[in-house]
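Inspection log for the structure reproduced underneath, given as structure tokens.
What follows draws every value from the coordinates through simple rules; no lab data is involved. Note that the structure is a prediction, hence the values are computed from the model and not measured. Please note: Cβ atoms are built from the backbone with ideal geometry, for glycine as well, and neighbour counts cover all protein chains shown.
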Amino acid sequence: MVEINNNIIEIIKKDFKSAFSNPIVTIVIIGLIIIPSLYALLNIQACWDPYGNTGNVAFAIANSDKGASFDGVDINVGDELINDLKNNDKFKWTFVSEDELRDGVYKGDYYAGIIIPENLSKNIVSISSDDPQQAKLEYIVNMKENPVAAKLTDTGSTAVYNALNAKIIQIINLAAYGKLGELQSGLASGAGQLASGGSQLASGAGQVSSGASQLSSGAGQLSDGASQLADGAQQLSDGASQVASGTQQASDKVNTYNTEIHQATSYIREHSSSSKVQEITDKIDSKTDTVASKVQQLNDGAGQVANGSSSLAANSLLLQGGIDELAEGSLSLAAGSVLLSNAATQALFTAAASLASSADSLASITGINETILGDYFYAPVKLDRHELFSVPDYGSQVSPFYLVLSMWVGALITCAMLKPGTSEGTKYSPLEMYMGKAVIFLLLSLLQCSVTIIGAHLLGIYISNEIMFILSCLLVSGVFMIFVYSLVSALGDVGKAVAIVLLVLQISGTGGIYPVEIMAPLFNIMNPILPMTYAITLVREAQLGLIWSNYIPALAVLLAIGLITVIVMLVIKSKADKLTHYFEKCLEESGLF
């Protein structure tokens, strides 16, 4: 064990002696220390504020708008847009003719251009007519010149488009605003008429209720009279029945007496031949017959009176029942009229109140100053933006990616420039060679990282937690160097190729700039196994806002990847160091490597 340690120390001393034995070597090593930091810092500076320099991007505008008249006022939306753009420094707006614009964009003199047609204002104000026309702008962009410029000019065209739409919305809403006043007046008038109708309905329903009450009172009096009539009719019926009974008895008596008188007169005429007696008996028979006849008539009349009085009594009872129903119906009519009055009147008054409220609301709107109203319609909704972990500039936002990327590039360049060494043909074992050479590589990675950290501070990138930022950068740089060194030490040039391939994959697959979700499926699959995925998380958390629940898992995975790589590469180096040395020797002998 002591011999192993001595051998490792001996290798370390040789490397440090070689580093300073020749000025050229020293200069190269210093270059290795500085170059990775330049890679990071130059890229961060270039991305510091990419949208802040768009004022130098040429964007052409051709205005052919001839204007129009709206509500008695001459307007020219094209001229208004031009005036707005002259005060806009987002792009290098160049105002040219339509032909110059088309030719300039075609040749690449301008990245893009917008043509304002001659009927723009006319089509915009047509919204108030019966035949509204859609206003159009023509946007021409040269997609060949520069992909980023094309995206930037898309932003410029959107700005012009939004400004135009805002003006159209102002015109439309101000026109509608004029109609609101008319609507408010109509609603107020209608509310008054409804309220008046409700009052008239209430008054008429009251009259109906009063008449129904009087009818009910009269029906009650009729009912009382009908009751009295029924009582009298019943008494009359009873008396008539008694009279009929008495007359019948009298008729029976008269008939009996009439028979007896006829018998008597017949007997007298049989025993007397006197003409005088005969005359007297004939008169007696005649008189008795007359009396009998009259009595019979009286009897018949009494019977009719009895029958009639009975019918009168029965009908008077029916009359009383009908009058009672009339009284009850009149009371229902009175109650119904009150209910109808209350419901209908309440409905009309409610509708009138609603219309009046709407009219009042519109009155409050139509009383607004038109300038204020126009500003409101320009932006009726305001979006309050709340930023979590706010970063002052875009350069600071992308710096975690470029810092970590520079650490991988630094490890790759260092392992490509310096030989990791082989135990073949030496007294050292593969383990001793690996451990002894690893020290200078690790030291160079820490120096590279220190220069990068200093440069980041000089550049002015935003750092939330200084201590954690520095420690995280040093840790990531060291892990990357050990990772790449292990690949190259065990596999030689093959390890360098693997490191380069990983570099390419990690640029797009780690989500450092673009979300990995929008990348190809391959990168989504590889993202969880790429070292830079977790390294970027460490630096981002330390630099822009530390959340331990994000930091600690990323730290654990990164260390695990580094440890597994070291173990696997040590096993490979101990078994295949001779083969690797032979492979590299063959490449050198070719004269190409």
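Of note:
- Per-residue extension of 0.36 nm, minus the Cα-Cα distance of Val571 and Lys13, leaves a gain of 198.3 nm for this segment.
- Listed pairs Lys86/Lys144; Lys419/Lys496; Lys90/Lys144; Lys66/Lys136; Lys66/Lys90; Lys14/Lys496 exceeding 20 Å between Cα atoms: Lys86/Lys144; Lys90/Lys144; Lys66/Lys90; Lys14/Lys496
- Of Lys573, Lys144, the sequence from fewest to most neighbouring Cβ atoms within 10 angstrom is Lys144, Lys573.
- Using the Cβ-Cβ distance between Asp84 and Lys151 with R0 set to 22 Å, the FRET efficiency works out to roughly 0.45.
- Estimated FRET transfer efficiency (Ser97, Ile30; beta-carbon r; R0 51 Å; 0.05): 0.30
- Label-to-label distance, Asp74 versus Tyr161, with points set 7 angstrom from Cα along the beta-carbon direction: 3.2 nm.
- Label sites at Asp131 and Met519, each approximated as a point 7 angstrom past Cα along Cα to Cβ, lie 5.7 nm apart.
- Annotation: amide H-H contacts under 5 Å for Val57 (H modelled 1.01 Å from N, sequence separation of 5 or more, or interchain): Lys92.
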